[in-house]
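The values are calculated or read from the model by the stated rules, or taken from the named source; none is laboratory data. Keep in mind it's a predicted model, so treat the numbers as computed, not measured. With ideal geometry, Cβ positions are generated from the backbone for all residues, glycine too; neighbour counts draw on all protein chains shown.
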Amino acid sequence: MTTNRSPRRQPAQPLSAVIPGGGSADSADSDAPGADLPDARRRRTILIAVCIALMAVIASVSGLNVAQPDLALAFGASQSTILWIINIYTLSLAALLLPLGALGDRWGRKPMLLAGLAVFGVANVVAGLAPSAEVMLAARLFSGVGAAMIMPITLAVITSTFPAEERGRAIGVWTGVAGGGGILGMFLSAALVDAASWRWLFVLPVALVVVALVMALRFVPNTREKPGHRFDTVGALTSVVAVVGLIFVLQEGPERGWTAPVTLLSLAVGALAAVAFVAWELRRRDAALLDVRLFGRRSPAGGSVTLLVVFGVQAGIFVVLFPFFQAVLGWSGLLSTLALMPMAVLMMMTSGLAPRLAARIGARSTMAAGIALAAAGLALMAALVSVDGGYLSVLPGMLAMGAGMGLSMTPATEAITGSLPRERQGVASALNDVTREFGTALGVALLGALLSAGYRGAIDSRLQDIPRGAADTAREGIANALGAAEGTGTHAGALIRAAQESFVDGWQQAMWAGVAVMAALLLYILARGPRRTAQLTSDEADIAPGTGSAANPN
């Protein structure tokens, strides 16, 4: 491997003097003795730049959820179309993360980041001006493409720019933004919808993109891989088909039915593509897009499973909390989002503290402590929630959940990024992001289904005195029950109370299921969690020749 670096310069000189041409140096050498890295002040600026870019992507995942009625009214669209406008962004993002992350390693991370910001920004401008649902769908699709170019690169820039002793803290900041950014994005989106209109939702990501683009052009260095083989096109295509098929099942299963022909077909296609991807990657070995044998090792396996479960539970929690705040407590969308902020703030704080704790007690112990705390938070929410208890009945559990997620996410992310060498950090970052997206979709589908089943099972016994038509409507969900109550006269109060109490019963069923899942995760991490969070260890390098080591890239 060859590098082209000038000697270390004084901090006052521009970054292009440290890494010529914005930097074409191979990032794998960054930790080598005497290797040139941006100075501490510039590293902080780089971290701010990539976190702003990440915030734009994360905020766009959840922002449109607060404007569903406005979108339906503006476009005259069905609920199914509105859900596709929301979900197509996540679908295209998840499907393209792995191949675009790998291309970023090859072409250069800075060009990929800049291109992604440009695509993402233009697509959001088009979405904000969209005259029809069809234009909005296309804009959201390309927003997802741009986001898939941005998201893995933001983490890869951190892992290839920061020295080993600072990398954990930087990843902690990135993880905090990734975990809490969605809640902050929902709050700002709700405020914009209340104050102006749904079209103003796209002002926020565009503004963030402009700031990130200016900072990236000036400060972010370019690092890239120097591969010794051609791009794994077959692996990239099969990974896209697998992710699209499986994510589609999780998104559409609750809406269309789990046994609907299109759901079963999508499951079959996704599963077959996943099997084909694994078989192909095992065959490629040294030239694989992703060496799947890494999942036989503690760090990548433990980190991936932890992120899958933790983000799944987090997403499922939001499915439960928003209807509770709005339908049970009667709060507005803005106030409901504001109620989540203590959880988000604590999550971001503990994400930053997790690397220090991991340095003292180890990554596995830190992850286990976070998982145990998150499980305790779920148990508190299940045990204390009540219709009359209000917000205070769920706040302790929310705080414990936020702190636990922050403690577990950072070492889990570092375990994944540390399992691949520095020149393959785009792939490592994409793997981290794909795991998060799968977990989110899985959590929404499963905990949402448990909530709905628990609600329907509980409300049947409370509808004996309610008129039949209103009772049938109430069985469909709490929002339907509140709407039907207006036409039931003297039965309105009883129907509303029955729906609220039944929702709490469904809530408890979903939360206890979450506790069980987190308990299983805790046992797994205690048995098979990473011993430490570090760069690729020698035994992992032995089983992953396709990724090589820092001194012997592809």
Listed residues A274, A178, A268; which is crowded, with 21+ Cβ neighbours inside 10 Å and either assigned to a helix (DSSP H, G or I) or not assigned by TED's automatic domain parsing to the domain that holds L431 (or both)?
-> A178
Under 8 Å between Cβ atoms, at least 6 apart or on separate chains: pull out the pairs that start in region 156-173 with a residue that is free of Cβ contacts under 8 Å to residues at least 24 places away in the same chain and end on any residue that is not in a loop (DSSP other than H, G, I, E, B).
-> none
Residue ID - nearest to L201 (Cα to Cα), chosen from residues in region 92-126 that are surrounded by fewer than 24 Cβ atoms within 10 Å (Cβ to Cβ) and free of Cβ contacts under 8 Å to residues at least 40 places away in the same chain = V126
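For T223, are the conditions met, namely being under 20 Å from L113 (Cβ atoms) and hydroxyl-bearing (S, T, Y)? Walk me through it before giving the result.
Numbers: under 20 Å from L113 (Cβ atoms): yes; hydroxyl-bearing (S, T, Y): yes.
For T223, the condition - under 20 Å from L113 (Cβ atoms) and hydroxyl-bearing (S, T, Y) - is met.
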Output yes when any residue across region 332-341 is more than 30 Å from A485 (Cβ to Cβ), in contact with a helix residue (DSSP H, G or I) (Cβ under 9 Å, 6 or more places away or on another chain) and not assigned by TED's automatic domain parsing to the domain that holds A156, and no when none is.
-> yes
Listed by first then second residue, the pairs whose first member lies in region 379-391 and is assigned by TED's automatic domain parsing to the domain that holds R497, whose partner is β-branched (V, I, T) and not in a helix (DSSP H, G or I), with beta carbons under 9 Å and at least 6 positions apart or on separate chains, are L380/V394; M381/V394; L384/V394; V385/V394
Within region 386-421, how many residues turn out to be at pLDDT below 90 and surrounded by fewer than 24 Cβ atoms within 10 Å (Cβ to Cβ)?
-> 5
Taking the options I153, I183, name whichever one is touching a residue at least 12 places away in the same chain (Cβ under 8 Å), over 30 Å from L334 (Cα atoms) and among the aliphatic types (A, V, I, L, M).
-> I153
Of the residues that make up region 133-155, is at least one crowded, with 24+ Cβ neighbours inside 10 Å, under 19 Å from G181 (Cα atoms), at pLDDT below 90 and of a type in the set (G, A, S)?
-> no
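Which count do you get for residues in region 189-227 that are at pLDDT 80 or above and outside any loop (DSSP other than H, G, I, E, B)?
Looking only at that region, the number is 24.
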For A374, state whether it is more than 30 Å from D105 (Cβ to Cβ), buried (at least 24 other Cβ atoms within 10 Å of the Cβ) and touching a residue at least 12 places away in the same chain (Cβ under 8 Å).
-> yes
Inside region 474-500, can you point out the residues that are surrounded by fewer than 19 Cβ atoms within 10 Å (Cβ to Cβ) and assigned to a helix (DSSP H, G or I)?
-> A479, N480, G483, G489, T490, H491, A492, G493, A494, R497
Pull up region 309-324, narrow it to residues that are over 12 Å from the mean Cα position of the chain (by Cα) and among the aromatic types (F, W, Y), then point me to the one that is surrounded by the most Cβ atoms within 10 Å (Cβ to Cβ).
-> F324
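Among T366, T413, T417, which is the only one that is among the β-branched types (V, I, T), more than 30 Å from W512 (Cβ to Cβ) and in the same structural domain as L346 (by TED's automatic domain parsing)? Give the steps one after another, and end with the answer.
Values: T366 fails: more than 30 Å from W512 (Cβ to Cβ); T413 fails: more than 30 Å from W512 (Cβ to Cβ).
Step by step, each of T366, T413, T417 is checked, and only T417 is among the β-branched types (V, I, T), more than 30 Å from W512 (Cβ to Cβ) and in the same structural domain as L346 (by TED's automatic domain parsing).
Evaluate the following for G469: is it of a type outside the set (K, R) and over 20 Å from the mean Cα position of the chain (by Cα)? Outline the logic, then answer.
Numbers: of a type outside the set (K, R): yes; over 20 Å from the mean Cα position of the chain (by Cα): yes.
Yes.
What residue, of V193, V173, V240, is surrounded by 19 or more Cβ atoms within 10 Å (Cβ to Cβ), within 25 Å of the chain's Cα centre (by Cα) and closer than 17 Å to I153 by Cα? Lay out the reasoning, then the answer.
Details: V193 fails: closer than 17 Å to I153 by Cα; V240 fails: closer than 17 Å to I153 by Cα.
Unique residue meeting the criteria: V173.
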Of the residues in region 59-101, those that are closer than 30 Å to T233 by Cβ and at pLDDT below 85 come to S60, V61, N87
Mind listing whichever residues of region 289-308 are crowded, with 24+ Cβ neighbours inside 10 Å and outside any helix (DSSP H, G or I)?
-> L289, L290, D291
Taking region 468-507, which residues are touching a Phe, Trp or Tyr at 6+ places or on another chain (Cβ under 6 Å) and at pLDDT 85 or above?
-> S502, F503, G506
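Out of A484, A513, A520, I need the residue that is under 30 Å from M405 (Cβ atoms) and touching a residue at least 12 places away in the same chain (Cβ under 8 Å). Which one? I'd like the intermediate steps shown before the answer.
Numbers: A484 fails: under 30 Å from M405 (Cβ atoms); A520 fails: touching a residue at least 12 places away in the same chain (Cβ under 8 Å).
Only one candidate passes the filter, namely A513.
Residues that are outside the structural domain of L155 (by TED's automatic domain parsing), aromatic (F, W, Y), buried (at least 18 other Cβ atoms within 10 Å of the Cβ) and at negative phi: does region 243-253 have at least one?
First, the residues of region 243-253 that are outside the structural domain of L155 (by TED's automatic domain parsing): 243-253.
From what is left, the residues that are aromatic (F, W, Y) are 248.
Those still in the list that are buried (at least 18 other Cβ atoms within 10 Å of the Cβ) too: 248.
Subsequent filtering for residues that are at negative phi retains 248.
The answer is yes, given that some residue of region 243-253 is outside the structural domain of L155 (by TED's automatic domain parsing), aromatic (F, W, Y), buried (at least 18 other Cβ atoms within 10 Å of the Cβ) and at negative phi.
Report whether or not R528 is within 20 Å of T473 (Cα to Cα), touching a residue at least 40 places away in the same chain (Cβ under 8 Å), surrounded by fewer than 24 Cβ atoms within 10 Å (Cβ to Cβ) and over 22 Å from the mean Cα position of the chain (by Cα). First the steps, then the outcome.
Values: within 20 Å of T473 (Cα to Cα): no; touching a residue at least 40 places away in the same chain (Cβ under 8 Å): yes; surrounded by fewer than 24 Cβ atoms within 10 Å (Cβ to Cβ): yes; over 22 Å from the mean Cα position of the chain (by Cα): yes.
The answer is no for R528.
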